[in-house]
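Quick note: the coordinates plus some simple rules give every number you see, no bench work behind them. Quick caveat, the model's predicted, so the values are computed rather than measured. Positions of Cβ are generated from backbone atoms using ideal geometry, with glycine treated the same way; all protein chains shown enter the neighbour counts.
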Protein chains: 2
Amino acid sequence: MDAIDKYAIIVAGGSGSRMGSKIPKQFLQLGSKPILMHTLHAFAEAEELKELIVVLPKEFHNYWRELCHQFDFTESHLLVEGGETRFHSVRNGLCMIAGESGLVAVHDAVRPFVGADLLHKCFHTAWEHGSGVAAVQLKDSIRMRKPSGDSTAMNRTDFMTVQTPQVFRINVLKEAFRQKYIPEFTDDATVVEKAGFPIVLVEGHYRNIKITTPEDIELAEKWLMNKHI
Amino acid sequence: MDAIDKYAIIVAGGSGSRMGSKIPKQFLQLGSKPILMHTLHAFAEAEELKELIVVLPKEFHNYWRELCHQFDFTESHLLVEGGETRFHSVRNGLCMIAGESGLVAVHDAVRPFVGADLLHKCFHTAWEHGSGVAAVQLKDSIRMRKPSGDSTAMNRTDFMTVQTPQVFRINVLKEAFRQKYIPEFTDDATVVEKAGFPIVLVEGHYRNIKITTPEDIELAEKWLMNKHI
């Protein structure tokens, strides 16, 4: 797999509203540096990437450049303007990739604990099957809500919680992103599935959390103290 | 609601295997005392209970009594023998409740962060509708696994992750637990639903975690330091 061109698109569209913070969560400092820098570092360490693409809302580009200067962050990356939704942001990132061959990983900026093993597995699975999407077993029972107000039990082993990285063959992801946007496109796997390609899941890990709430950042700080990243 | 008899059954059946620990997780020390003591304390503080019932595997009864002595734990409770599965454990606890009137909360021993507000809400909903089951919105996208090996996207807003407390009218829960056990009975709501009663969900909170993995206990310790319990 060493000869294959590998790209990564890191999507940082979050506005930070769920953190109760004015700073979007990808910029919150975790240990010695902002979360997004941890994530980029994890990717750069794990894989030889042809290009590391960061998609950020336009209004934060200067802020990000200042942060890079302030924290002396030198990991090479390409900064791209975010879109109206995650779909549009990923598509903007994808536009920066020339040609149709190779693999591309799409990853949430706020999942700094991705880990090299998981990233390798996703790339490998995508190379073999066209897609490799990190997902973990549900820990808790789930119920489906009914319009009547009550709810019905579901078999939790039938379901997986989707994470990122989501890796695809570039030709597959490009074809998928030529579709017209619909609100059901909440992640990249949904877009690719809608285009008719199979989605193959890769066993992720529970540590690969999406930092969304103040509880998450507390946990992340704790892990960092224990030098997990 | 003050005149209604209220009971709680705290189920501690875990063997601790997922914690990589020989001590079942309900006995792991969190701050100044074992997790189970935090949970019992939360219940005793929040509600005027007629009886607080603790279901534990028989082989840990003496160990628990020693812990109570060692930690000078004086919260009044009734110790009951656990069964082969969670279903059998809850049924053992239920057997200790005389009569058919009033409400009973079933709760995981390893959810010490339950909080008085959520417990009140579950009791109140069960009083009005027969059941009040804590549940939270899924944070991540989920996919359903297909026998072919690939997977299909689901609309996550249709699903809720079930927590405890799960509160029921005693007559409802007793009737439900007269059913023959089937492996699909992974929680009490499933048993009650199978008996033909509606399950009404109550908005839980993300802090009400089930301490299952080493990551969970790290987070719980962090919260404890910040005096959340």
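Quick notes on this one:
- If you take the Cα centroid of the stretch A:58-127 and the Cα centroid of the stretch B:100-175, the two points sit 37 Å apart.
- Whole-Hz couplings from phi, Karplus 6.51/-1.76/1.60, listed for the stretch B:149-160; x for Gly and Pro: x, 8, 8, 10, 5, 10, 7, 5, 6, 7, 10, 10
- Fraction of beta bridges assigned by DSSP in the stretch A:1-107 that are antiparallel (%, nearest 5): 10 percent
- Adding -39500 (n - 2.57) for every DSSP H run of four residues or longer, then dividing by how many residues the protein assembly as shown holds, sets the calculated 222 nm ellipticity at -9000 deg cm²/dmol.
- For the stretch B:130-138, 3J(HN,Hα) per residue [Karplus equation, 6.51 cos²θ - 1.76 cosθ + 1.60, θ = phi - 60°, Hz, x = Gly/Pro]: x, 8, x, 10, 5, 7, 10, 4, 5
- Taking every C-alpha pair closer than 8 Å and separated by at least 6 residues, the mean separation divided by the residue count of chain B gives a relative contact order of 23 percent.
- Highest-fluctuation residue, A:Lys174, A:Lys50, A:Lys22 considered, GNM on chain A with Cα pairs under 10 Å: A:Lys22
- Directionally averaged projected area (the stretch A:124-176, Cα convex hull): 5.5 nm².
- Exposure proxy order (Cβ contacts within 10 Å, fewest to most) of A:Leu173, A:Leu28, A:Leu118: A:Leu28, A:Leu118, A:Leu173
- For the stretch A:83-153, convex hull of alpha carbons as volume per residue, Å³: 183 Å³
- Comparing B:Ile142, B:Ile217, B:Ile23 in a Gaussian network model of chain B where C-alpha atoms under 10 Å apart are linked, the largest mean-square fluctuation is found at B:Ile142.
- Restricting attention to the stretch B:132-226, close to 75% of DSSP beta bridges with both partner residues there are antiparallel.
- Over the protein assembly as shown, the ratio between the Cα radius of gyration and 2.2 N^0.38 Å evaluates to 1.07.
- Computed magnitude of the charge dipole of chain A (debye, nearest 20; Cβ of K, R +1, Cβ of D, E -1): 600 debye
- Counting, for every residue in B:159-165, the Cβ atoms of other protein chains within 10 Å of its Cβ and taking the mean gives 5.
- Using the empirical formula 2.2 N^0.38 Å as the baseline, the Cα radius of gyration of the stretch B:162-229 reaches a ratio of 1.45.
- A cut-off of 5 Å between modelled amide H atoms, ignoring neighbours fewer than 5 places along the same chain, links A:Gln163 with A:Ala134, A:Ala135, A:Val136.
- Taking 14 Å as the straight-line reach from the Cα of A:Lys22, the aspartates and glutamates in range (excluding those fewer than 8 positions away in the same chain) are A:Glu59.
- Span-like helix check, chain A: qualifying full DSSP H segments, with Cα axial length of 18 Å or more and mean Kyte-Doolittle of -0.5 or more, are A:116-129.
- Spin-label pair B:Phe71/B:Lys194, simplified geometry with 7 Å Cα→Cβ offset, distance in nm: 3.3 nm
- Residue with peak Gaussian network fluctuation, chain A [Cα springs, cutoff 10 Å], from A:Met144, A:Met160, A:Met37: A:Met144
- Panel order for B:Trp127, B:Trp64, by other beta carbons found within 10 Å of each beta carbon, from fewest to most: B:Trp127, B:Trp64.
- Estimated inter-spin distance, B:Glu48 and A:Glu45, nm [label 7 Å along Cα→Cβ]: 5.7 nm
- Computed from the alpha carbon positions, the gyration tensor of the stretch A:1-89 leads to an equivalent ellipsoid with semi-axes of 22, 16, 12 Å, biggest first.
- Whole-Å semi-axes of chain B's equivalent ellipsoid (Cα gyration tensor): 26, 23, 18
- Once the Kirkwood radius over Cα pairs is known for the stretch A:53-116, the Stokes-Einstein relation at 37 °C and 0.692 mPa s delivers a diffusion coefficient of 249 µm²/s.
- Environment charge of A:Phe177, counting only residues whose C-beta is closer than 10 Å and scoring Lys/Arg +1, Asp/Glu -1: +1
- Three-way shape label, the stretch A:110-229, alpha-carbon gyration tensor, a/c 1.5: oblate
- Hydrodynamic radius of the stretch B:43-172 per Kirkwood, over alpha carbon pairs, in Å: 17.1 Å
- Summarising the strand pairing of the protein assembly as shown, around 50 percent of its internal DSSP beta bridges are antiparallel.
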